[in-house]
Structure formats: structure tokens, C-alpha cells
Amino acid sequence: MQTSHHDRSRHVLPQFMAGCAVFALAFGLVGAVGISYAHAEDVIVGLVTKTEVNPFFVKMRQAAEAEAQTKGLKLIARAGKFDGDNEGQVAAIEDLISAGAKGILVTPNNSSGMLGVIKKARDAGVLVIALDTATDPADAVDATFATDNLEAGVQQGAYAKAALGDKKPVIAMLDGTPGGTVDTFRHDGFLKGFGIAEGDPAIAGAAITNGAQDKAQVGMENLLSKNGDINVVYTINEPAAAGGYQALKSFGMEKDVILTSIDGGCAGVRNVKAGIIAATVMQFPYKMASMGVDAVAEYAATGKKPSGFINTGSYLITDKPMPGLDSKDSEWGLQNCWGD
Amino acid sequence: MSSATPSAPEAGAGLFSRTKTIPAVGPILVLLAFCLVFAVTNPRFLAPHNLSIILQQTIVVGTLAIGQTLVILTAGIDLAVGAICVLGTIVAGKMVNLGYDPMLSMLFAAILCTLSGLIAGALVSRLDLPPFIVTLGTLGILTAALRLISKGGAFPVQDDFLGLTGNTFRIGSFVLTYGVLAMLLLYAIVWYLLNETRWGRHLYAIGNNPEAARLVGIPVRLHLLQVYALAGLIYGITAWLALGRIPNADPNALQTANLDSITAVVIGGTSLFGGRGGLVGTLIGALIVGVLRNGLTLAGIDPLWQDLVTGILVIVAVAFDQLSRRRR
Amino acid sequence: MSALASAPNQPGDSVRNVLEARNLVKSYGHVVALDGVDFDLRAGEILAVVGDNGAGKSTLIKTLTGAVVPDSGEILLDGQPVHFKGPLDARHRGIEAVYQDLAVAPALDIPSNLFLGRELLSPGILGSVFRRLDKRRMREMAAEAMADLKFRLPSITSRVENLSGGQRQGVAVARAAVFARKLVIMDEPTAALGVRETGQVLELIRAIRDRGLPVVLISHNMPNVFELADRICIMRLGKRAAVVSPKSHTMADVVAIMTGAVKVEAG
């Protein structure tokens, strides 16, 4: 029996420590929770962004927080785990319904993937507004506050066409994630603005960047290896443009190519100012978020719901304006950009 | 003492010594502690609707974690869980949209998933390739293949049979989906397999000491092959449950399911070195992650804290495993 | 009911050979591992097999456990010729082996290890259809077997990893003892153990012999061999150099035969 007794004493300590650790952790949380959960009767507005990391959504969240504070609402923010995470966003909306949210603002990762849970929310009397990205069908939500991405793409394409002038176009497309709603709109808008159709021989090739700088760089390098005559580059966003620029530079072609983009992030606007990006199309995430919070406040107070697509606008930002195209310069851009 | 009364030394020995006979007591304590905290801070947490939501949110990763547990018990690891499951959703969805019989489509998809597991298992057991590398390769191949098949886009799947597991039923004030029931049923079946049959006993022995298993005549390679194939079948069944939960076949879905399922398994107390742990812990582990995410949202706390706390729990769990192994 | 299979051990039968081998030959390419070896194991004895490295004792043991198929020669079990194609063949014929490295699954409990690979199923439909393990019966039989062998353990439901090294090897030895119907072969069973733990295992081996099962013991440890063995089979250069009794020969004699310093007529 001696061994047995010895056995037992070896089991007591770690179990005891585990118990202590768990309860310390749990009650630490009570403290944190107790503070933040002070006003149980607040009107709750939920914000579900695509990811936590993109500065676009950070800006959106900051604006929503600020606006919620002004209006006396409580904001609960959630996000998908990765670009394209539909399951995580569905769970977030479910949790927000449980939390008793009055309204939910969502930037859907997948325009058709969360229709069921959105319906559930609306059936429960929750106002649901899509920000930045529309759902499919668009009337699945009460209203959509977003950049008209097709229009933004058209602005980008029209600028590229004007800047190229009479030269024969050889276009590289640095796309985001194939099949994404925003990606499709911007891509198609660019072609429309440039005045060509999908499959036009002027398109030298396309690369999938997921909107990330590193992947864009590799993609651009490969496209340049394939075709050294490229003179116009479409990019899904400014990080992709930055990656594309690195590749162009390593090929010594950064001076000869018209690099265009969309987003209006501050880093992107600075790149416009530095002459790295010829032109970008700025969108206004803070407008989407603050308008969304306002709509929830209004709904909570009066029961009135917004409806339809509300364009939050987009501006062409460039220091080399083209005649006939409305644009703002980079100074204006820096005052109105998002991110750092 | 010559052990004439085998159970005598355990009797009346107090809570702590008995913990070695109750599986997953640590994870259960953690789960209860979190539930207690969240229930105190927001009464909505214990609302039947909310508890039902947490269960539904656990379905996909929770069911995938069954297969992951089997693989980890053999001292392997499966990075392709999510990819194999998405293979199931895309193939079944695509076939149904092309007009094939839904039941046949789902069956075919599940067979494909089983086959994927079988191939990975063959590479691991016959060629002695490391499971990490084999399943990493499977993950890459499937991810690319699925994007090629689906041309990158997600597509809705509207079919009564494929969506069946999303239908609800009521127990008192609890509204549950058939998916939740299916998950729990799968847990029960595989638990029985692991704990009450030779097959499960041999699985533990192989994870523990493959050489000893071989010496007593257990066909180790064949067993490994079966484990990976069964895991593949479970991922295929999960595909059906996933379509019931979200009727959308999405090649971008479940990208973090491999790490999420490993997290559930590890928090549940199963050792990454194989041969120790079990399914009760895994279910509790999956629930802990779900409860944290939901509870923090209800409390209005930044859900990034969920990742942080989950990270701490993973490290604590692995540290306990390592310490308890080192003492031996 | 005894959990231990008991070998027949009638009076006057003491020279009955349980296992015999005649003229075994096994070569690997040019290396002749077994060069016409004869071997016999009598009922109820502990036969030690000793020899220098490369003397062929390891190959001899492998042919007897079915791990190696000899090129020629014959093996007789209870007088009947047998041909082992693998370890499972030998096991099915009632020959069990214990190895030097502790061949146990540490996280499993004692009954699970004892019955590993040979688990008992529940009676009736639970066993035949649902393949359910009969854990209670295995636990009871394990406890009984340990009691029969007078092997002291803290608790029959302990995980093997909570046991000392000697106790763990005890579990492996007990496993062989429970399932062997003819004989037990032990390949350096104490090589990984300390002195005190070795003592525990030696006692077990003696207990097995006393239950009537003959034991083949391969060991480098001369004091252990002389403490336990009834006869000592000395291997040298792929042949059986001699079989001696520890009563008539000293350790020095045995070592001399092993190393070839003394020549003996092959017996």
C-alpha cells in the first residue's frame, strides 16, 4: 500500500493547482466583466466586421465606438477569424441576438452564407444593416451602407485609361479573393471604366493576392516575367498596390507603369503623394459605421428603419488629375483617409 | 496485499485521488467555472435559447474534433480536417445543384472524404511519413482543388435533405437542431468504440507504445489506416452537419478548423504525444471555446479576450500533460 | 478457477521434452548464425541460455518464438513437428515471450496490459454483436493471476506508468504466464532493471516454474542465471557448446566454455 499512497500524493498537487488557476482566471474575469457590464439596460448595437486586423475595419470600429458613445448606445464588436470566415460571423450574429442587440451592423465575408441567421435576427426584431459589402439578395438586410464598388472600379478604370492616353494597353489584374462580391464589382467596374470586356487581349494576366502585399508582390513578379510590356496595373486594394510596386521596382519598371488602386487608406494616400500609386479611389468606412450606429439609435428611439442601398461615396485621389475626371489631391486625401 | 479486492484501495480516498478515474475532471471544472461567471454577469447567458445557440455553434468544430481526437490518440495530428469537410460540402452541394439525388450525393461526398482519410492513412502507415507533413500536403492539395472545382466562389445549397440537420425540435423550452443530436450521437458511438471495444483499446496501446502493441500481435499499420479512414468518414458526416447549419458550400470555409479542433482536443486533456485522453474531454474542450466566445459577447467584452484565454488554456493543458508525463 | 494455464507435470515425467529443436541452421548471406543447433527444454524447468555476443542465442530464440524461420532443421512441440511462420503462430501454440524493453502500454491499467491483444468480450449479444469488452472479468482474472504469482501491486486498476520498473516488467511477465500453455521465453527480462527490481522479477520467474510452466531464460547476468536455472545451455559460434547444471559447474566453468577456453563434447 505504500506505493499507492505515494501515487495519491502525486496527484493532489497538480489537481489543486489546476483548481486554483481556474478559479483565479474565472474570478479575474468577473472583475473585468463587472466593470464593463454596468448598465444592463443599454441599447446594444452589434458590429460584425470581416476580420480584426484590416485597418479599414479598425477605422470602422473606432468610428462606431465614437458614435455609439455620443448617442449613448453600447457597442459590442465582433469579427470573423480570417478573410472569408462565414461560420465565425454567423456565430457572432447569433451571440449578438442572444445578447439582446437592437441593431446589428455587418460586413459580410460571404454575401449568401449568412442569410439564415440574418433572417433569424430580423424575425427577432433586430435591425440588420450591411456595411461595405451587400448581401445577395441585397434585400436580405434592412439596408446597405456601402461604397458603390462597381462605381469605384469604374473611377479607377477611367483614370487608368485617361492616364495611358494613346498607348496600347497591356493590363495586369491584381485581384483579391476570387468569387468575393467586392472583388467582382471592383474588377468588373475597372474593366467597364477602361472600356474593355472580360477576356480582352489587352489583359495580360491576373493574380490572386487576397489583398495582401506579399502575395501581390509574388503575383506581380510572375506576371512581369510572363509579359514585360505591362503598362497598366489594376489592384484590389492599396496593400496589393504596394506589393505590385515592389515587383515593378525590382524589374526597373516602376516609372513606366500606371499603378492604380482602391481604398483610401492613409498608407495608400501617402503612396499617391510619393508617386508610387498614380491614383486611388477613396472610400469612407467611418461614414458607413457612424451612419449605421445612427440608424440603430433612430430605430431604438422611433422604430423607423432605413432601407435600400445608400452609397457612402467614393473619391478619386491623385496628384496628376486628368481632364474630365473629378478628383481630389493627396493633401485632401491625407485629411480624410483611414488607418495610420 | 495480493489484490484479492481490486477496488478497495480506491474506495473512500477522497476527491483528488478519484480524479484519475473520472475522465476530463479538469476541463469540466474549467467549463463550470466559466458558466458560473457568465451566468452571474448576464442572466441571458443561461436562457435556453442561448445555451442551444452555443451547442449549435459547437457542431462543426466539435464533430471534426472527434476525428482529430482519434488521430491525436495515435500520436498523429490532422491538419486537413477542415479541408476534407469542405470537400464534402462542395461535392455534395455541387452534385445536388447539378440535379443528382441528394442522399446519393451526400453518400458519395462522405465516401470521398473517407477516401481522403484513407489515402492520408496509407501514407502515414505504409510509408511511415510523418502525419504532420502528410496532412499538411492533403490540406494544400484539397484547398487548391476545391477552389478549382468551385471557381473560387461559394454557392448556396437549398435542399431539404442536405439541410435536414438544421431542422429543429423542442425539449421543454430548449430548441435544438438535429445537428446537435447527430454530434452527440457521434460522440457516444465513437466513445463506445474507444472505451468499450478491442479496437479502442488497441488504439490507445498504439498511441502509447506502438512497439508493445506490435509485440502483442496488434496489426499496427492496419489499425492506423482504419483510424485515418474513420476520421475521414467523420469529417464527411460533419460536412452534412455543416450544410445543415449554414446552407452554403464555401471553399473559403473552415480554414482554421484544423487549429480549432486541435485546440478543443488539447484543452480537453488529450495528450499530443498519443495514448492519453479521450472524447469526453474533447467535447468539453469544444464547449469551453464556444462558451467563452458567447459569454464574452454577452458580457460586452472584446472577443479578442476569447483568443487570449483560449491560448492560456491550451498552454496550461499541454503543460499539465508534459509535467505529468515527466514525473513518470 | 485458476487464471494460470497449468502445464501437465506428472510424477516420473520430469525428463519429458516440451520443446525440442534438431539441427537448426540459419544463415544471413555468408554469416552462419545457427550452425546445426540442437535444443531441448524439459517440462517444469528453468533453462538458461547463455553465450557471448554473436554466439547465436538471439537467433535461436527468434526461431523458437517464430520471429525467424530457420533454413533447415526441425522444431518439435510436445513431440509434434511445428513450423512457425510468425510470432502469432508460436503464440497460438502456447509459447509466450517477454522482452527486455518493457513491452507495456504505460497509460493503460494493469488488466488492459495483461489482456492486450487478447481482450475478453462480454458474454451474449453484448460481446458477439456490440463487441463489448468484459472489463470486470478481465479485472478479476488479472487480480487472480497476480495473487497466484504472489506479485504485490498497489492496486489492480493502477495505470502501469504509476508502477516501478520492476512492477511494470512484472506485468509483462505475468501476461506471458497467464497466456502461455506450453512455455515462456524471456529475452533479457531484467536488463533494464535495478537490483531490487530484478529480484522481484526473478521471484516471478520462479513462481511461473513452480506453477509447472517451463521457462527459457536468456541472460547475460551470471549470478541471476545460477540463482534460477535448473540447466544452462551454453551457445558458442552458432552451436550448442554444452548443457551443464549449475550444481556441477561454477560460473568460471561456464564462462570458460562460452569463450572457448574449455572445449566440451556437444551434448
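Each reported figure results from applying straightforward, stated rules to the coordinates on display, with no laboratory input. All of these numbers come straight from a predicted model, not from anything done at the bench. All Cβ positions, even for glycine, are placed from backbone atoms using ideal geometry, and neighbour counts span all protein chains on display.
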Practice task
Return the long-range amide H neighbours of C:V18 (sequence gap of 5 or more, or a different chain), with a cut-off of under 5 Å between placed amide H atoms.
Solution key: C:L41, C:R42, C:A43
Practice task
Would you mind ranking B:W191, A:W338, B:W305 by Cβ crowding within 10 Å, fewest neighbours first?
Solution key: B:W305, B:W191, A:W338
Problem - At 0.692 mPa s and 37 °C, Stokes D of the stretch B:75-121 from Kirkwood alpha-carbon radius, µm² per second - result: 297 µm²/s
Problem - Rounded to whole Hz, the Karplus (6.51, -1.76, 1.60) HN-Hα couplings of the stretch B:197-209, x for glycine and proline - result: 10, 4, 4, x, 4, 5, 4, 4, 4, 5, x, 6, 7
Exercise for the section: Translational diffusion coefficient, Stokes-Einstein: compute it for the protein assembly as shown using the Kirkwood radius over C-alpha pairs as Rh, at 25 °C and 0.890 mPa s, and state it as an integer in µm² s⁻¹. Expected result: 76 µm²/s
Completion exercise
Check: C-alpha center the stretch A:138-199 vs C-alpha center the stretch C:126-168, spacing in Å is 72 Å
Exercise for the section: Take chain B, connect every pair of alpha-carbon atoms lying under 10 Å apart with a spring to form a Gaussian network, then pick out the residue of B:Y235, B:Y204, B:Y192 with the largest mean-square fluctuation. Expected result: B:Y192
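If you place +1 on the Cβ of every Lys and Arg and -1 on the Cβ of every Asp and Glu, how big does the dipole about the Cα centre of the protein assembly as shown come out, in debye to the nearest 20?
It comes to approximately 2600 debye.
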Fill in the blank from the handout: Helix-only [θ] at 222 nm, chain A, -39500 (n - 2.57) per DSSP H run of 4+, per residue, nearest 500, equals -16000 deg cm²/dmol
Exercise for the section: Return, ordered by residue number, the residues of the stretch C:224-245 whose backbone nitrogen is under 12 Å from a label point located 7 Å along Cα→Cβ of C:V264. Expected result: C:231-236, C:240-245
Problem - Whole-Hz ³J(HN,Hα) from phi, Karplus 6.51 cos²θ - 1.76 cosθ + 1.60, for the stretch A:92-99, glycine and proline x - result: 4, 5, 4, 4, 5, 4, 4, 6
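How large is the translational diffusion coefficient of the stretch C:217-261 in µm² per second when you combine the Kirkwood radius over alpha carbon pairs with Stokes-Einstein at 20 °C and 1.002 mPa s? Show your work: numbers first, answer last.
On the way: Rh = 10.6 Å.
It comes out at roughly 203 µm²/s.
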Exercise for the section: Using only the alpha-carbon atoms of chain A, report the extent along each of the three principal axes, biggest first, to the nearest angstrom. Expected result: 90, 63, 36
Fill in the blank from the handout: So the compactness index of the stretch A:105-230, its C-alpha Rg divided by 2.2 N^0.38 Å, takes the value 1.28
Handout entry: Residue-averaged 222 nm ellipticity for chain C, from DSSP H runs of 4+ at -39500 (n - 2.57), nearest 500
Key = -9000 deg cm²/dmol
Completion exercise
For C:K239, the residues 5 or more places away or on another chain with a placed amide H closer than 5 Å to its own amide H are C:D35
Completion exercise
Averaged over residues of B:33-46, the number of beta carbons from other chains lying within 10 Å of each residue's Cβ is 4
Fill in the blank from the handout: Residues meeting the amide H criterion for B:V175 (H placed from the backbone, H to H distance under 5 Å, 5 or more places apart or on another chain) are none
Handout entry: Bins of 5 Å, starting at 0 and running to the largest distance - Cα pair percent for chain C
Key = 1, 6, 13, 16, 18, 16, 13, 8, 5, 2, 1, 0, 0, 0
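Under the √(5λ) rule applied to the eigenvalues of the Cα gyration tensor, what semi-axes describe the equivalent ellipsoid of the stretch A:37-148? Give them in Å, descending. Don't jump to the answer; show the numbers that get you there.
Working: eigenvalues 79, 54, 34 Å².
Values for the stretch A:37-148, descending: 20, 16, 13 Å.
Any number yet on Rg/Rh for the stretch C:22-124, C-alpha, Kirkwood?
Numbers: Rg = 16.4 Å, Rh = 15.8 Å.
Looking at the stretch C:22-124, the ratio lands at 1.04.
Distances longer than 21 Å among the Cα atoms of the stretch B:193-275: what percent of all pairs is that?
Details: 1475 of 3403 pairs.
The share of Cα pairs beyond 21 Å in the stretch B:193-275 comes to 43 percent.
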Completion exercise
Expressed as a percent, the portion of alpha-carbon pairs in the stretch B:154-195 spaced more than 17 Å apart is 49 percent
Fill in the blank from the handout: Expected max-MSF residue from C:A207, C:A174, C:A252 in the GNM of chain C (alpha carbon, under 10 Å) is C:A252
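Measure up C:K135/C:K182; A:K167/A:K287; A:K120/A:K215; A:K59/A:K81; A:K168/A:K320; A:K120/A:K192 against 29 Å on the Cα-Cα distance and list the ones that go over. If you can, show how the numbers build up before the last one.
Details: C:K135/C:K182 26 Å; A:K167/A:K287 38 Å; A:K120/A:K215 38 Å; A:K59/A:K81 18 Å; A:K168/A:K320 20 Å; A:K120/A:K192 37 Å.
From the list (C:K135/C:K182; A:K167/A:K287; A:K120/A:K215; A:K59/A:K81; A:K168/A:K320; A:K120/A:K192), the Cα-Cα distance tops 29 Å for A:K167/A:K287; A:K120/A:K215; A:K120/A:K192.
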Practice task
Find the centroid of the Cα atoms in the stretch B:279-317 and in the stretch B:21-91, then give the distance between the two in whole Å.
Solution key: 9 Å
Completion exercise
the stretch A:221-326: Kirkwood hydrodynamic radius (Cα pairs, Å) comes out at 15.9 Å
Problem - Cα point-scatterer Debye curve for the stretch C:165-267, base-10 log of I(q)/I(0) at q = 0.15, 0.23 Å⁻¹ - result: -0.65, -1.21
Handout entry: Neighbour-count ranking [beta-carbon atoms within 10 angstrom, fewest first] of A:S225, B:S125
Key = A:S225, B:S125
Completion exercise
Of the candidates B:V266, A:T133, A:Q213, the farthest towards the positive dipole end of the protein assembly as shown (Lys/Arg Cβ +1, Asp/Glu Cβ -1, centred on the Cα centre) is B:V266
Exercise for the section: With θ set to phi - 60°, apply the Karplus curve 6.51 cos²θ - 1.76 cosθ + 1.60 along the stretch B:261-276 and write out the HN-Hα couplings as whole Hz, x wherever there is a Gly or Pro. Expected result: 6, 4, 4, 4, 5, 6, 4, x, x, 7, 7, 5, 8, x, x, 10
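Can you give the direction-averaged projected area of the convex hull of the alpha-carbon atoms in the stretch B:172-328, in nm²?
Numbers: hull surface 48.1 nm².
The Cα convex hull of the stretch B:172-328, projected and averaged over all directions, gives 12.0 nm².
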Exercise for the section: In nm, give the distance between the simple-model label positions of C:R206 and A:A197, each being 7 Å from the Cα along the Cα-to-Cβ direction. Expected result: 9.9 nm
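Taking N as the number of residues in the stretch A:86-145, what value does Rg over Cα atoms divided by 2.2 N^0.38 Å take? The partial results should precede the final answer.
Details: Rg = 9.9 Å, N = 60, 2.2 N^0.38 = 10.4 Å.
Rg over 2.2 N^0.38 Å, computed on Cα atoms: 0.95.
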Practice task
Mind telling me which of B:P131, B:P43, B:P210 comes out most flexible in a GNM of chain B, alpha-carbon contacts under 10 Å?
Solution key: B:P43
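Test of understanding: express the Cα radius of gyration of chain B as a ratio to 2.2 N^0.38 Å, with N the residue count. Each step should come with its number before you reach the end.
On the way: Rg = 20.4 Å, N = 328, 2.2 N^0.38 = 19.9 Å.
Expressed relative to 2.2 N^0.38 Å, the Cα Rg reads 1.03.
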Fill in the blank from the handout: Dipole check, the protein assembly as shown, charges on Cβ (K,R +1; D,E -1), about Cα centroid: among A:N271, A:F194, C:L193 the Cα furthest to the positive pole belongs to C:L193
Practice task
Alpha carbons only, please: Rg and Dmax for the stretch B:62-160, in angstrom.
Solution key: 14.4, 43
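Under the Kirkwood approximation for Rh and a Cα-based Rg, what ratio Rg/Rh is obtained for the stretch A:274-340? Provide the component values of the computation, followed by the final result.
Working: Rg = 16.2 Å, Rh = 14.2 Å.
Ratio value, two decimals: 1.14.
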Exercise for the section: Taking the Cα centre of chain A as origin, work out the dipole magnitude from +1 charges on Lys and Arg Cβ and -1 charges on Asp and Glu Cβ, in debye rounded to 20. Expected result: 440 debye
Practice task
Calculate the radius of gyration of the Cα atoms of the stretch C:85-186 to one decimal place, then report Dmax, the largest Cα-Cα distance, as a whole number, both in Å.
Solution key: 13.9, 40
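About the Cα centre of chain C, how large is the charge dipole given +1 on each Lys and Arg Cβ and -1 on each Asp and Glu Cβ? Please answer in debye to the nearest 20. The partial results should precede the final answer.
On the way: 33 positive and 29 negative charges, 121 e Å.
Value, rounded to 20: 580 debye.
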